[in-house]
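Q: Take this structure first; my questions come after.
Here, each number is a calculation from the coordinates, and none is a lab measurement. Being a predicted model, the structure only gives us computed values, none of them experimental. When we count neighbours, we look across all protein chains shown, and the Cβ atoms used for this are built from the backbone with ideal geometry, even at glycine.
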């Protein structure tokens, strides 16, 4: 299966496909109200595997933020973004392992923010 590919990879063989994945995940990912109210921040790492047909085959929390509500929000976003685009034939893969870093930060401005780094 090979090593997991970062969601923000600059590799031209994966960049366009990963951009499509990021857009789908961003559309489903939010900063939970409970976390905002408690001003929670954190960083977590998720690995997920996408099958040739775009199906989510595996989802694993590799490194927790230490806050269940933040971890759950990121995991849910990856689940809800399914069905992913089929893997391009040019990738020559049946399964694509992806690693993503989710970062939640509180800014000192009026609005809080969260960011998908990878």
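Q: Could you check which residue among 89, 30, 76 shows the biggest mean-square fluctuation in a GNM of the chain with a 10 Å Cα cutoff?
A: The residue with the greatest mean-square fluctuation here is 89.
Q: Also, quick follow-up: Compute the length gained on full extension between residue 37 and residue 94: take 0.36 nm times their separation in residues and subtract their Cα-Cα distance, giving the result in nm to one decimal.
A: Fully extending the segment from residue 37 to residue 94 adds 16.3 nm.
Q: Determine the calculated [θ] at 222 nm for the chain from helices alone, applying -39500 (n - 2.57) to every DSSP H run no shorter than 4 residues and normalising by the residue count; nearest 500 deg cm²/dmol.
A: The per-residue figure over the chain is -8000 deg cm²/dmol.
Q: Taking springs between alpha-carbon atoms closer than 10 angstrom, which of 55, 19, 92 fluctuates most in the Gaussian network model of the chain?
A: Comparing 55, 19, 92 in the GNM, the peak value goes to 92.
Q: Report the full-extension gain for the segment residue 76 to residue 4: residue separation times 0.36 nm, less the Cα-Cα distance, to one decimal in nm. Write down the numbers at each step before the final one.
A: On the way: separation 72, 0.36 × 72 = 25.92 nm, distance 1.98 nm.
That pair, residue 76 and residue 4, stretches by 23.9 nm at full extension.
Q: So how far apart, in nm, are the two label points at residue 28 and residue 105 if each is 7 Å from Cα heading toward Cβ?
A: Going from the residue 28 label point to the residue 105 one covers 2.6 nm.
Q: Let me ask something additional. Which whole-number percentage describes the relative contact order of the chain, with Cα contacts under 8 Å and a sequence gap of 6 or more? Don't skip to the end; give the middle numbers.
A: Details: 228 pairs, mean separation 41.3, N = 118.
Relative contact order here is 35 percent.
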